[in-house]
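Participant: Below is one structure. I have some questions about it.
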Amino acid sequence: MSSSKRKAPQPKVVFEGVSKTFKKKGEPLEVLSAIDLTVDEGEFVCLLGPSGCGKSTLLNIAGGFERPTRGSVKIDGAEIVAPSSKRVFVFQEYGIFPWASVWDNVVLGIRHKSKAEQHRIVGEVIELVGLEGFERAYPMELSGGMKQRVEVARALAVEPDVLFMDEPFGALDSLTRLTLRTELLRIWNERKPTILFVTHDVDEAMQLAERIVVFSARPGRIAEIVSVDMPHPRDIGGVEYGNIKNRLYELLGVTHMI
Amino acid sequence: MIVSILALVASAAVLFYAKRMSAHVQEWALPVCVAAGLIALWDIACIVSGSEVFPSPLDTVYAFRELIESQRLWGDVAASLFRVTWGFLLAAGIGIPLGLVVGWSTRTFRALNPIIQGLRPISPIAWIPIAILWFGIGDGAGVFLIFLSSFFPITVGTMAAVRNISLVHQRSALNFGVRRFELFRRVVLPAALPQIITSLRIALGVAWLVIVAAEMVGMDTGLGYLINDARNAGSRYDLVVATMILIGLIGILLDFLIRRLEVFDEVRWGYTQR
Ligand SMILES: Nc1ncnc2c1ncn2[C@@H]1O[C@H](COP(=O)(O)OP(=O)(O)OP(=O)(O)O)[C@@H](O)[C@H]1O
Ligand SMILES: [Mg+2]
């Protein structure tokens with residue numbers, strides 16, 4: 001159903017048989033087992049799973065920070081072997097530089113462009129994330145939510161075609177999280193990057209994703225891929241929402257009725 | 001005697017009622033009272049023990065005046081500061097770049113860390129004979145000894161700082177294509193800077209301790225030599241104590257100056273979030 005809305009979806013990020021085994025004190029620890037997944041261009045996909053199931057590891061492999069033990073990840077048909085600023089990571093912990101001002105952080109990925117270009121782009125993304133007036137501030141002077149906006153702005157400045165987001169709002173309070181989700185959706189609608197978004201929050205996945213990839217506990221496998229075929233803004237009190245949510249909890253092996 | 005006892009009682013009284021004072025008043029009143037109390041105790045102890053040699057606070061004040069009036073004091077202060085300044089700058093100039101490289105490159109770390117760790121525990125004082133052998137009695141040996149005593153804290157501190165750079169920051173840099181020299185300038189150095197400044201502060205403290213000892217043993221100018229000279233020339237313990245106090249004051253001043261480095265926006269994060 002969801003594919004009927006997009007015209008001829010192009011595969012963007014393709015995982016083929018990705019497995020990852022870490023050595024832990026000499027013992028091999030299988031974290032990911034044969035992951036096959038295709039994410040289309042401009043798609044918003046959430047990776048949902050219990051803590052420790054290998055979501056971050058999978059994202060790190062896709063970002064080029066780690067190599068799979070077996071299998072491969074291809075973006076636009078080319079295998080990923082190293083990070084690139086065409087595909088930007090938004091980290092689980094704060095990845096912005098505390099020693100640089102908001103402006104200097106955001107300009108990082110476009111530092112080779114002309115000063116005029118830098119001004120135009122930084123102004124644009126700072127407005128996009130709602131941080132006007134804080135260009136000269138240092139991260140230590142910002143709230144957690146604002147720091148995460150800086151990180152998002154830094155990522156958007158390079159106009160990446162893929163955004164990897166590893167629990168970007170995990171450290172924030174629930175109100176700020178909700179606001180930032182709305183803003184992320186707005187930005188996604190405006191620019192249509194492909195987004196792989198890791199979370200272990202069922203509601204977050206439901207509010208954001210077009211498709212939710214549910215992982216089983218370690219070694220991480222794909223338990224099921226759930227489509228959320230609801231247009232935005234989504235009615236989070238409705239029957240359809242409730243049904244999908246129940247299904248997700250079931251897949252994660254918990255009931256949400258306490 | 002009476003004055004001292006009164007001072008002691010007064011400062012005890014002030015300390016006793018301290019909790020009624022505002023935080024702002026406590027800020028200066030408490031340390032002043034403690035200092036006044038200690039000086040009073042010192043004075044009382046001198047009188048009670050009847051020591052002929054050990055100076056009372058007042059003797060020390062006179063000795064201070066004598067030192068300042070005699071032209072040699074400034075020469076000795078300048079000699080000590082000269083050795084510390086050049087030895088310290090030389091150590092920072094070599095130690096920081098070396099620490100950055102050794103901390104960043106695993107191969108260089110493997111090669112150099114054992115020798116650095118092996119030389120580090122040797123007290124700079126133990127180097128004095130060799131320093132004199134190589135540089136003779138004078139500034140050369142002093143600068144060399146201060147270089148040694150600052151070099152290891154600075155190098156090891158910088159190395160540790162670089163090895164502590166968070167993986168997330170390294171990956172951010174990698175993600176945006178920051179490499180080689182730019183990586184040092186944009187990530188490695190700024191990430192390590194707060195800890196580098198802390199190691200500079202430690203090194204300068206050590207340098208100021210070592211220079212006095214070195215001058216007492218193997219030099220013929222400087223504040224350390226002044227202490228030795230005062231004792232040898234007729235047990236002038238009043239001059240000894242006055243010089244000790246001066247050494248302490250200069251040490252505080254040096255620390256105050258180097259702490260100015262901690263207030264810059266680029267490094268402030270390193271002291272508040274830890
Ligand atoms: N570099 C590493 N070396 C050894 N083991 C690792 C390494 N990185 C991750 N692991 C292990 O792999 C497993 C999966 O880690 P990962 O960070 O991918 O989990 P996650 O799904 O992101 O969890 P969370 O939701 O808590 O962030 C964990 O058990 C972890 O201990
Ligand atoms: Mg994770």
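The values are calculated or read from the model by the stated rules, or taken from the named source; none is laboratory data. On a predicted model such as this, the values are computed, not experimentally measured, just so you know. Counting neighbours? That spans all protein chains shown, and the Cβs are built from the backbone with ideal geometry, glycine included. Note: areas computed on protein heavy atoms with side chains; ligands, DNA, RNA excluded. Shrake-Rupley method; radii C 1.70, N 1.55, O 1.52, S 1.80 Å.
Participant: Whose amide H sits under 5 Å from the amide H of A:E41, counting only residues 5 or more places off or on another chain, with H placed in the peptide plane?
Facilitator: It is A:Q10, A:K12, by chain and number.
Participant: Ok, one more. Return the distance in nm (one decimal) between the two label points of a simple spin-label model at B:V48 and B:L183, each offset 7 Å from Cα along Cα→Cβ.
Facilitator: 6.6 nm
Participant: Hey, another quick one. If I model a spin label at A:E16 and A:H119 as a point 7 Å from the Cα along the Cα→Cβ vector, what separation in nanometres do I get?
Facilitator: Reported label-point gap for A:E16 and A:H119 is 4.8 nm.
Participant: Okay, moving on. Please report the antiparallel percentage of the DSSP beta bridges confined to segment A:89-239, to the nearest 5. Write down the numbers at each step before the final one.
Facilitator: Values: 5 of 12 bridges.
Counting only bridges with both partners in segment A:89-239, antiparallel ones make up about 40 percent.
Participant: Oh, and also: For a quick check of your reading of the filter: which trypsin sites (Lys or Arg not before Pro) in segment B:155-222 sit in a DSSP loop and have no more than 15 other Cβ atoms within 10 Å? Mind showing how you got there, number by number?
Facilitator: Numbers: sites: B:R163, B:R171, B:R179, B:R180, B:R185, B:R186, B:R201; in loops: B:R179.
Within segment B:155-222, the qualifying trypsin sites (Lys or Arg not before Pro) (loop, at most 15 other Cβ atoms within 10 Å) are B:R179.
Participant: For chain B, what is the accessible area per residue in Å², given a 1.4 Å probe and the full set of protein chains? Don't skip to the end; give the middle numbers.
Facilitator: On the way: 14800 Å² over 274 residues.
Ligands and nucleic acids excluded, the figure is 54 Å² per residue.
Participant: Then there is this: In this model, which of A:K86/A:K113; A:K113/A:K192; A:K74/A:K113; A:K55/A:K147 are farther than 18 Å apart at the alpha-carbon? Could the numbers behind the result be given before it?
Facilitator: Values: A:K86/A:K113 15 Å; A:K113/A:K192 23 Å; A:K74/A:K113 28 Å; A:K55/A:K147 23 Å.
Checking Cα-Cα distances, A:K113/A:K192; A:K74/A:K113; A:K55/A:K147 exceed 18 Å.
Participant: Which whole number gives the average count of other chain Cβ atoms within 10 Å of the Cβ atoms across peptide A:149-158? Let's see the in-between values first.
Facilitator: Numbers: counts 0, 0, 1, 0, 0, 3, 3, 0, 1, 3.
Going residue by residue through A:149-158 and averaging, the value is 1.
Participant: Continuing with this model, one more query. Checking the a/c ratio against 1.5 first, then a/b against b/c, what shape does the Cα gyration tensor give for chain B?
Facilitator: Details: a/c = 3.19, a/b = 1.52, b/c = 2.10.
Here chain B falls in the oblate category.
Participant: Then there is this: For a label point 7 angstrom out from the Cα of B:S235 toward its Cβ, which stretches of segment B:52-86 have the backbone nitrogen within less than 16 Å?
Facilitator: Backbone N within reach: B:52-56.
Participant: Also, I was wondering about something else. Take the Cα atoms of the protein assembly as shown, build their convex hull, and give its volume per residue in Å³.
Facilitator: Convex hull of Cα atoms, per residue: 240 Å³.
Participant: Restrict the search to segment A:1-100; then list the trypsin sites (Lys or Arg not before Pro) that DSSP places in a loop and that have at most 16 other Cβ atoms within 10 Å of their Cβ. Don't jump to the answer; show the numbers that get you there.
Facilitator: On the way: sites: A:K5, A:R6, A:K7, A:K12, A:K20, A:K23, A:K24, A:K25, A:K55, A:R70, A:K74, A:K86, A:R87; in loops: A:R6, A:K7, A:K25, A:K86.
Answer in residue order: A:R6, A:K7, A:K25, A:K86.
Participant: For the pairing of chain A with chain B, what total accessible surface becomes buried, with a 1.4 angstrom probe, in square angstrom to the nearest 100? Don't jump to the answer; show the numbers that get you there.
Facilitator: Details: alone 12600 and 15930 Å², together 26310 Å².
Interface between A and B: roughly 2200 Å².
Participant: Treating the beta-carbon of each Lys and Arg as +1 and of each Asp and Glu as -1, no other charges, what is the dipole magnitude of segment B:169-274 about its Cα centre, to the nearest 20 debye?
Facilitator: Values: 12 positive and 9 negative charges, 146 e Å.
The calculation lands at about 700 debye.
Participant: Could you give the size of the charge dipole of chain B about its Cα centre, using +1 on the Cβ of each K and R and -1 on the Cβ of each D and E, expressed in debye and rounded to the nearest 20? Present the calculation step by step, with values, prior to reporting the outcome.
Facilitator: Working: 21 positive and 17 negative charges, 348 e Å.
Rounded to the nearest 20 debye, it is 1680 debye.
Participant: Of the residues B:L119, B:L209, B:L193, which exhibits the maximal mean-square fluctuation in a Gaussian network model of chain B defined by a 10 Å Cα contact cut-off?
Facilitator: Greatest mean-square fluctuation among the candidates belongs to B:L119.
Participant: Here's something else I'd like to know. Which angle from 0 to 90°, rounded to the nearest 10, does the C-alpha axis of helix A:115-128 make with the longest principal axis of chain A?
Facilitator: Approximately 50 degrees, to the nearest ten.
Participant: A further question follows. By DSSP, what percent of the beta bridges with both residues in chain A are antiparallel, rounded to the nearest 5?
Facilitator: Numbers: 23 of 42 bridges.
Around 55 percent of the beta bridges assigned by DSSP in chain A are antiparallel ones.
Participant: If I take R0 = 25 Å and measure r between the Cβ atoms of B:I202 and B:Q26 in this structure, what FRET efficiency does the formula 1/(1 + (r/R0)^6) give, to the nearest 0.05?
Facilitator: After rounding, the FRET efficiency stands at 0.30.
Participant: Using just the helices of the protein assembly as shown, give the 222 nm mean residue ellipticity in deg cm²/dmol: DSSP H runs with n ≥ 4 each add -39,500 (n - 2.57), and the total is spread over all residues, rounded to 500. Mind dumping the intermediate values first?
Facilitator: Values: 21 runs with 304 residues, N = 532.
Taking each H run of at least 4 residues, the total per residue is -18500 deg cm²/dmol.
Participant: Loop by DSSP (not H, G, I, E, B), at most 15 other beta-carbon atoms within 10 Å: where is the longest site-free stretch of chain B for chymotrypsin sites (Phe, Trp or Tyr not before Pro)? Before the final figure, lay out each step's value.
Facilitator: Working: sites that count: B:Y17, B:F264.
It works out to B:18-263.
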